[in-house]
């Protein structure tokens, strides 16, 4: 039986990941006094439409802005830490007992007990459309401050899944009473609560005075949804905002070395990639995919365009399940041309574009406006590189590509995935590459991948799970259902007077009770 207790509140944070003011050693009383009327304005890269955590990835914005909290969450080192649950015991492979803190309240003042947590989790499990994160629950029982979750089968990733924002603890009664209102004004437990939400552009938050930490230093937070990179940057430069999220590589240079700003950067779990529509006849040809891989000058994109690192698989090497080998598809135009020639893709009319069944191969490359300037620059570079091997590319920029992708109306789609947000490799593999997965938009299928995912379902040993993740990655690198492009450091930038921002690899969190405005 394993037992976990809450970490000491005064525990030292990871050096370099927590941004704090040098020499700012005020005591708690002084800090509380100085927090009066402290306000923070954030320009967030994501335009927010709804906020109910059970809907798709909407819960991420509740976590990022300190509105929602889970039973357990991930710390800066991707380790699971207690939050609303102060400890837990794994009785066997199907049953886990959580002890709920006795000092947590919802934003409406209601006390949070095991019954309230049960209602919230049952609502999430019954309602969410996130098949990749669902929990096969047999029963959830509440007694006093004890919550017992029993699954229908051994479930190795129970704790990892519970850390996903889908399982933010909310007042399920409030959701039931007025679902429409709840989607715009969810009642959660975090250090900040929603005062006003005007989707998609602005959200106003106020301090949750009854937060269990007792240490919320900022009184008001304004979150502005600004998808355009340049507009976010100008908002910080002009003083309109105090803090901007997801800053592109070129823009970071505008702030580095300037004492008026804090540049907070570090390892990131986000992989930038091109999803391939395997339903297209040329895309279903392995030699064609291999040629595309060899035609991509990823080193140049990473070094000159995005200041990142070329990707070899979905997981960075910093992760224990990250692929540690070399990229077998190095940039090689001659090899790409040879592969295409051998596979029969010829340029019969001499116009510089190869053909299939007499038709020029012009790939429809789709990306959205909120993917940022880096993605647009990379798209142009890829267009040029593919032209060198006789593959045409038509870059299509749209507001939202969901319908196009779901209908198969594309060849390549630009994606940016946080590949291991709950610190486990199964999440990404199962969501995107299992034969019948909802996220498998390209309709890739491989029986070995399906078998690995089945093995994930029954494997509790971390080292063996890591090995399964690496094995799956090797298969994906061989089959090329996705062109993994690069990893990029996660960067947020604040004014110099903003401190206490934690840089999390998972990008699930931005601010919490530790943030201060001096």
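The values are calculated or read from the model by the stated rules, or taken from the named source; none is laboratory data. Remember, predicted model here, so these are calculated numbers, not experimental data. Counting neighbours? That spans all protein chains shown, and the Cβs are built from the backbone with ideal geometry, glycine included.
Run down 344, 313 and say which single residue is in contact (Cβ under 8 Å) with a residue 60 or more places away in the chain, assigned to a loop (DSSP other than H, G, I, E, B) and touching a strand residue (DSSP E or B) at 6+ places or on another chain (Cβ under 9 Å). Spell out how you get there, then give the answer.
Working: 344 fails: in contact (Cβ under 8 Å) with a residue 60 or more places away in the chain.
Answer to the selection: 313.
When you look at residue 420, is it surrounded by 15 or more Cβ atoms within 10 Å (Cβ to Cβ), touching a helix residue (DSSP H, G or I) at 6+ places or on another chain (Cβ under 7 Å) and not in a helix (DSSP H, G or I), yes or no?
So residue 420 passes the test.
Quick check: is even one residue across region 400-410 loosely packed, with under 15 Cβ neighbours inside 10 Å and over 27 Å from residue 45 (Cβ atoms)?
Kept after step one, since they are loosely packed, with under 15 Cβ neighbours inside 10 Å, are these residues of region 400-410: 400, 402-403, 406-409.
Still in the running and over 27 Å from residue 45 (Cβ atoms): 408.
Yes, that holds for at least one residue.
Can you pull out every residue in region 453-498 that is part of a strand (DSSP E or B) and either under 23 Å from the mean Cα position of the chain (by Cα) or not assigned by TED's automatic domain parsing to the domain that holds residue 221 (or both)? Outline the logic, then answer.
Step one: filter region 453-498 for residues part of a strand (DSSP E or B), giving 482-487, 490-495, 498.
Passing the criteria: 482, 483, 484, 485, 486, 487, 490, 491, 492, 493, 494.
So if I check each of 94, 123, which one is closer than 28 Å to residue 193 by Cβ and surrounded by 16 or more Cβ atoms within 10 Å (Cβ to Cβ)?
Numbers: 94 fails: closer than 28 Å to residue 193 by Cβ.
Selected residue: 123, the only one of 94, 123 that is closer than 28 Å to residue 193 by Cβ and surrounded by 16 or more Cβ atoms within 10 Å (Cβ to Cβ).
Here are 352, 372: which of them is over 36 Å from the mean Cα position of the chain (by Cα), at positive phi and in the same structural domain as residue 305 (by TED's automatic domain parsing)?
Unique residue meeting the criteria: 352.
For region 201-228, what are the residues that are part of a loop (DSSP other than H, G, I, E, B) and touching a strand residue (DSSP E or B) at 6+ places or on another chain (Cβ under 6 Å)? Give the steps one after another, and end with the answer.
Taking region 201-228 as the starting set, the residues that turn out to be part of a loop (DSSP other than H, G, I, E, B) are 201, 208-219, 226-228.
Correct list: 201, 208, 210, 216, 217, 218, 219, 226.
Within region 159-179, identify whether any single residue is farther than 27 Å from residue 215 by Cβ, in the same structural domain as residue 69 (by TED's automatic domain parsing), free of Cβ contacts under 8 Å to residues at least 40 places away in the same chain and part of a loop (DSSP other than H, G, I, E, B), and answer yes or no.
There is at least one residue in region 159-179 that is farther than 27 Å from residue 215 by Cβ, in the same structural domain as residue 69 (by TED's automatic domain parsing), free of Cβ contacts under 8 Å to residues at least 40 places away in the same chain and part of a loop (DSSP other than H, G, I, E, B).
Residues in region 85-115 that are in a strand (DSSP E or B) and either under 16 Å from residue 73 (Cβ atoms) or under 29 Å from the mean Cα position of the chain (by Cα) (or both): how many?
So the answer is 13.
Going by what's in this entry, would residue 504 be described as under 28 Å from residue 65 (Cβ atoms), in the same structural domain as residue 397 (by TED's automatic domain parsing), buried (at least 21 other Cβ atoms within 10 Å of the Cβ) and in contact (Cβ under 8 Å) with a residue 40 or more places away in the chain?
no
Considering only region 238-290, state which residues are modelled with pLDDT of 95 or more, closer than 20 Å to residue 485 by Cα and part of a helix (DSSP H, G or I).
Of everything in region 238-290, those that are modelled with pLDDT of 95 or more, closer than 20 Å to residue 485 by Cα and part of a helix (DSSP H, G or I) turn out to be 286, 287, 288, 289, 290.
Here are 154, 186: which of them is under 29 Å from residue 465 (Cα atoms) and part of a loop (DSSP other than H, G, I, E, B)? Step through it out loud before you land on a result.
Working: 186 fails: under 29 Å from residue 465 (Cα atoms).
Every option except 154 fails the conditions.
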